[in-house]
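Worksheet: one structure, shown below.
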Amino acid sequence: MSNLLTRAKDSIYQVLRGLKTVAVHSLRIPTTKEYPDTMPPLPPHFRGRLALNVNPETNEHLCISCRQCERVCPDKCIEITAHKSPETNKLELIDFKIDHGLCMFCGLCTEVCPTDCIINTNDFEMADYSREALVYDIRKLTLTQGESSHYFAAKEIALPKPKPAKPVASAPIAPSIAKPVETKTEAKPVETKTEAKPAETKTETKPAETKTEAKPAETDTDTKSTDNESK
Amino acid sequence: MSTNLETTNLKTDEMIINMGPQHPATHGVLRLILKLDGEIVRHVEPVIGHLHRAQEWQGQNRTLFQYQALIDRVDYLSGMFTSLAFAHACEQIDGCQIPPRAQYLRALVCEMNRISSHLLWLGTFLIDLGALFGFPFYPFREREKLLDLFEEIAGQRMMFNYIRIGGVQRDPKPSWFEKVRKFTAEFPDRIDEYEAIVTQNPIVLKRTKGVGILDKSVAMDYGVTGPSIRGSGINYDLRKTRPYGIYPELNFEIPLGQNQGDTWDRYMCRILEMRQSNNLINQCLDKMPEGEISGKKQIAGLRIKAGEGFSAIESPRGVLGCYVISNGSDKAYRIRWRNPSFCNLAVLPSLLIGRPISDIMAIFGSIDVILPDVDR
């Protein structure tokens with residue numbers, strides 16, 4: 001009988017001890033973050049959406065079309081279209097497509113990039129209404145000068161060395177629009193130019209817009225790549 | 001409780017019941033085919049393979065550099081350990097030197113990962129027992145802090161890709177070490193909190209004491225490793241019995257189960273292990289040397305010499321082995337994983353037979369099986 005009593009006393013004491021801990025807890029500041037309202041502080045090396053840097057000083061596109069990222073990608077989600085320019089005999093980037101639906105965000109492409117062009121940004125809100133919209137082309141991938149300088153500073157990447165001399169005028173942000181126009185001038189690329197503009201602002205999730213703009217962009221790039229192959 | 005049921009003379013037909021693969025308490029997709037006599041389990045057949053992702057085959061079809069990014073998926077709760085096992089096996093073949101700072105960083109992140117893995121186990125185990133304490137509440141608060149630290153050093157919360165062949169990927173900043181110190185300073189108090197709520201709680205004691213007794217000989221026969229076998233009182237921890245890395249230089253103890261190896265012993269073992277890991281993190285921080293972090297250049301065409309290598313390390317679930325055959329190219333010729341969860345799961349039927357159905361989850365939770373680790 002006394003054994004039962006001591007056991008009961010002990011049990012009640014233990015339960016009360018647990019309850020006290022819980023009660024003290026309810027007075028503490030909540031540790032949960034209410035995500036859509038307060039964004040979590042992300043470290044600079046967070047592996048989010050992939051993007052392409054421009055030179056923070058000169059606004060030149062940093063990609064040299066070496067295709068190392070394309071080769072190292074375990075998911076084969078990067079597709080680079082480039083051609084050899086007849087004048088300078090150098091590789092010129094035409095298009096850079098990343099299928100974020102396939103990407104597993106391992107960050108290997110960013111490690112092998114010799115010019116620190118492709119980086120993981122802190123952006124992770126990429127939800128969209130169609131699979132096609134997850135295929136980002138060069139316009140959607142390229143960061144602005146301000147964003148690039150932010151990531152260069154945050155990730156502590158050394159700034160790219162200035163080129164010794166400039167044989168030709170510095171390439172604009174998206175050579176895809178500037179260059180292939182001379183081969184086949186059709187109305188299509190001009191159309192996408194105007195339509196793709198809103199996509200540059202980083203995370204505007206407007207379903208209706210993205211849907212309509214995704215389709216012409218794809219057909220456009222398709223024709224371009226076939227053009228390139230036929231060359 | 002079970003004895004009461006067995007002494008009644010009620011005759012019932014045996015019934016076959018499928019538990020899982022979509023059962024919330026089976027920690028993934030395990031299917032248990034139970035043959036029940038009333039409430040008593042007469043026969044158990046675990047059906048595995050629902051999560052098979054051909055990890056070994058994928059490793060043989062990717063370059064070593066690419067496969068390193070995928071290893072964390074073998075056991076997603078202890079990605080650092082799977083990376084470490086693979087790196088050890090490859091370094092054994094290649095014979096490259098690992099700088100001391102990389103060694104200490106490896107031990108540091110591994111012990112942090114051990115704590116985070118045990119914390120998730122604690123949460124899910126108590127959910128299995130029916131307590132609201134677990135899953136989203138107390139242990140997950142500390143786990144979030146650890147995952148934030150991992151995110152800062154490796155880039156992601158669970159798919160780290162941090163430990164590489166030859167060293168580690170990134171040298172953390174001094175501010176990161178300060179954050180780890182802050183965590184280790186307050187963590188023992190947090191464990192005290194869990195223990196105040198759970199350890200001596202009469203309901204938890206009723207559900208765990210004397211339930212699922214894992215006999216020493218049975219445990220050894222089945223090749224059970226990790227805290228499950230240490231709960232039975234067998235001192236088998238590779239960090240002590242076959243030391244690797246810098247563990248011989250560190251001072252720690254192996255907690256053992258005090259009773260006969262029941263569910264409560266395995267629970268206690270893990271709680272004490274978390275305290276030891278916390279202690280180890282502090283030691284690593286104190287002894288952290290300066291210098292290089294990788295003895296091998298991390299390039300896309302990473303190659304190792306031809307040969308065979310096997311490494312075994314102590315993961316939170318037990319002995320994790322990795323066997324690699326390399327023919328000198330940038331791909332491995334053969335990769336083989338020895339997963340602790342797979343071997344620990346084998347002992348489940350012998351623990352469950354003769355127990356009521358309500359004990360299944362208590363016993364299953366206590367041996368800490370991660371299904372991706374079983375199926376890989």
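Read the figures in this text as sums done on the coordinates, not as results from a lab. For clarity, every value in this text was computed on a predicted model and none was experimentally measured. All Cβ positions, glycine included, derive from the backbone under ideal geometry; neighbour counts span all protein chains shown.
In this calculation the C-beta distance from B:Val218 to A:Lys90 is compared with R0 = 51 Å, giving a FRET efficiency of 0.15.
Between the amide H of A:Ile94 and those of A:Thr81, A:Ala82, A:His83, distances stay under 5 Å, these residues lying 5 or more places away or on another chain, with hydrogens modeled in the peptide plane. Note on the stretch B:264-376: Rg/Rh from C-alpha atoms, Kirkwood Rh, equals 1.10. Quick check: net charge around B:Asp215, other residues with Cβ under 13 Å of its Cβ, Lys/Arg +1 and Asp/Glu -1? That sum, taken over residues with Cβ under 13 Å, equals -2.
Computed from backbone phi, the HN-Hα couplings of the stretch A:135-149 come to 7, 8, 9, 4, 5, 6, 7, 5, 7, 7, 4, x, 5, 4, 5 Hz, rounded to whole numbers (Karplus: 6.51 cos²θ - 1.76 cosθ + 1.60, θ = phi - 60°; Gly and Pro given as x).
3J(HN,Hα) along the stretch B:275-285, derived from phi through the Karplus expression 6.51 cos²θ - 1.76 cosθ + 1.60 where θ = phi - 60°, amounts to 5, 5, 5, 4, 4, 5, 4, 4, 5, 4, 5 Hz, with x in place of Gly and Pro.
Among the listed pairs A:Lys90/A:Lys161; A:Lys140/B:Lys331; A:Lys90/B:Lys297; B:Lys209/B:Lys240, those whose Cα-Cα separation exceeds 26 Å are A:Lys140/B:Lys331; A:Lys90/B:Lys297; B:Lys209/B:Lys240. Legend: mean number of C-beta atoms from other chains within 10 angstrom of residue C-beta atoms, peptide A:103-110, equals 4. Legend: mean number of C-beta atoms from other chains within 10 angstrom of residue C-beta atoms, peptide B:12-22, equals 0.
Site pair A:Leu4 and B:Asp148 shows an inter-label distance of 5.1 nm when each label is modelled 7 Å from Cα along Cα→Cβ. Taking amide H atoms as placed 1.01 Å from N in the peptide plane, the amide H of A:His61 lies under 5 Å from those of A:Asn55, each 5 or more residues away in sequence or on another chain. Helices in chain B, meaning DSSP H runs of at least 4 residues, each add -39500 (n - 2.57). Divided by all residues, the mean residue ellipticity at 222 nm is -14500 deg cm²/dmol.
Around the amide H of B:Ser315, modelled in the peptide plane, lie the amide H atoms of B:Leu320, all under 5 Å away and 5 or more residues distant in sequence or on another chain. Counting Lys and Arg as +1 and Asp and Glu as -1 over every other residue whose Cβ lies under 11 Å from the Cβ of B:Ile48, the net charge comes to -1. Comparing B:Ile363, B:Ile153, B:Ile165 in a Gaussian network model of chain B where C-alpha atoms under 10 Å apart are linked, the largest mean-square fluctuation is found at B:Ile153. Backbone phi angles across the stretch B:169-178, fed through the Karplus curve with coefficients 6.51, -1.76 and 1.60 (θ = phi - 60°), yield HN-Hα couplings of 8, 9, 8, x, 7, x, 5, 5, 4, 4 Hz in residue order; Gly and Pro are listed as x.
Rounded to the nearest 0.05, the FRET efficiency derived from the C-beta distance between B:Ala185 and B:Ile357 at R0 = 35 Å is 0.20.
With each label modelled as a point 7 angstrom along the Cα→C-beta vector, the A:Ile12-B:Ser350 pair spans 4.4 nm.
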